[in-house]
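Engineer: What follows is a single structure, and I will ask about it in a moment.
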């Protein structure tokens, strides 16, 4: 098990993707919370600061880009690495995600064989 000592917040509105990420993290011993909206994520982040936030870029209402800005603007959360996921992958979106401050970027469907190890590498950096 790679991550029994860390906690992740997963913000994903699409049920299948949310379940895959949650199940992968649980399988590897990572504690995680899941939510479907940026607004709910911000409420959860007021209660507890996780080691990482995995964010779908295409969320309803406030999107993943807006959620990242809100996290970056909160002094208590600004150092929490945020990772972007999207089904609307392009080289331009990947470049922009890293430029605006995401610590990592994953196109959906995620590679279940390497996803958790890639998150571990992001946490180590």
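Engineer: Working from the pairwise distances between different alpha carbons, so that the mean of 1/r is found and then inverted, what is the chain's Kirkwood radius in Å?
Structural biologist: Radius from the Kirkwood sum: 14.2 Å.
Engineer: Let me ask something else about it. Which order do 122, 71 fall in if you start with the one that has the fewest other Cβ atoms within 10 Å?
Structural biologist: Fewest-to-most Cβ neighbours within 10 Å comes out as 122, 71.
Engineer: If each residue of separation counts as 0.36 nm, what is the full-extension length gain between residue 16 and residue 69 once their alpha-carbon separation is subtracted?
Structural biologist: 16.5 nm
Engineer: From the Cα gyration tensor of region 25-69, with a ≥ b ≥ c the square roots of its eigenvalues, which class applies: rounded if a/c is under 1.5, or else prolate if a/b is larger than b/c, or else oblate?
Structural biologist: Note, shape of region 25-69 comes out prolate.
Engineer: For region 78-125, what Kirkwood radius comes out of the mean inverse Cα-Cα distance, in Å?
Structural biologist: It is 11.2 Å.
Engineer: Starting from the Cα of residue 61, step 7 Å toward the Cβ, then list every residue of region 19-49 with an amide N under 15 Å from that point.
Structural biologist: Flagged as within label range: 35-46.
Engineer: Using only DSSP helix segments of four residues or longer, with each worth -39500 (n - 2.57), what per-residue ellipticity at 222 nm results for the chain after dividing by its residue count and rounding to 500?
Structural biologist: Theoretical 222 nm ellipticity from helices: -12500 deg cm²/dmol.
A short reminder: the numbers here are calculations on the coordinates, not readings from a lab. Just so it is clear, the model here is predicted, and its values are computed rather than measured. We place every Cβ from the backbone using ideal geometry, glycine too, and count neighbours over all the protein chains shown.
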